Amino acid sequence: MDTYDILLYGSYLLILIGAIVAVVMPLINSLDNPKSLLKTVVGIVGVGVLFFIAYSISSNEVLPKFEADPFNLTPEGSQLVGGMLITTYVLSLVTIGSIFVTEVTKAIK
């Protein structure tokens, strides 16, 4: 095993630990204030509903060149990717819009 491999696996481990801590610590802190946990649940449910709508309207069409090796894309996989893309587009537009509204509001004040 090369030094690069060891460092790469070490970085994977540190990323995993960081992701776990980033999820678990706010949950532990929110046990003192359950109302803040409710806001988190509403946000997660909202993103889930948005993804369901995006998944429902996305197409399951697969071009013949993507059905073969090395992609092996199925219609269900194509629809899942389409739903994720539409969700990303909507959330990006909402983010850009909220940044714009915030800056305009700050300029007016």
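The values are calculated or read from the model by the stated rules, or taken from the named source; none is laboratory data. Predicted model only: the values in this text are computed from it and were never measured. Using ideal geometry, Cβ is built from the backbone for each residue, glycine included, and neighbour counts are taken over all protein chains shown.
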Options ASN29, ASN72: the member that is out of contact with any Gly (no Cβ under 6 Å at 6 or more places or on another chain) and on the phi > 0 side of the Ramachandran plot: ASN72
Inside the range 14-33, can you point out the residues that are under 17 Å from ILE44 (Cα atoms) and either assigned by TED's automatic domain parsing to the domain that holds ILE44 or among the polar types (S, T, N, Q) (or both)? SER30
Specify which of the listed residues (LEU63, LEU73) is without any contact (Cβ under 8 Å) to a residue 12 or more places away in the chain, over 27 Å from VAL23 (Cα atoms) and in contact with an Asp or Glu (Cβ under 7 Å, 6 or more places away or on another chain). LEU73
Can you tell me which residues in the range 82-109 are in contact (Cβ under 8 Å) with a residue 12 or more places away in the chain and among the hydrophobic types (A, V, I, L, M, F, W, C)? MET84, LEU85, ILE86, VAL90, LEU91
Helices (runs of 4 or more DSSP H) lying entirely in the range 1-104 (those with 1 or more residues that are modelled with pLDDT of 95 or more): 3-30, 34-57
